[in-house]
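A.B. asks: Before we start, here is the structure in question, set down as structure tokens.
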Amino acid sequence: MNDYTPNDHTCPAEAYLNKEATCERLNVSARCLESMIAKKRFPPGVRLGKEKFWSHAAINEFLVREFNRQAAFWRSRPT
């Protein structure tokens, strides 16, 4: 993976994804991403100029949380 930390101020530009790339990574439409942000299910992007960007770390954290919720589904169901 990448050799940088969130506090590293020398993060390469590739460490961030614009809206289009974020949607592609999550396999969702731009409208779906906006809805997830409005419902506070996904973090808002950081605006730089006219575009918004998300870090790989933020996207990965979202995916981990979603898959943990999926796994918890079976643990919370009566057998």
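No lab work stands behind these numbers, since they all come straight from the coordinates. As the structure is a prediction and not an experimental result, all values here were calculated from the model. With ideal geometry, Cβ positions are generated from the backbone for all residues, glycine too; neighbour counts draw on all protein chains shown.
A.B. asks: Which residue pairs have Cβ atoms closer than 7 Å, lie 6 or more positions apart in sequence or on different chains, and pair a first residue in region 45-66 that is touching a residue at least 40 places away in the same chain (Cβ under 8 Å) and closer than 17 Å to Glu24 by Cα with a second residue that is assigned to a helix (DSSP H, G or I) and among the aromatic types (Phe, Trp, Tyr)?
C.D. replies: none
A.B. asks: State the number of residues belonging to region 48-79 that are within 11 Å of the chain's Cα centre (by Cα) and not β-branched (Val, Ile, Thr).
C.D. replies: The qualifying residues number 12.
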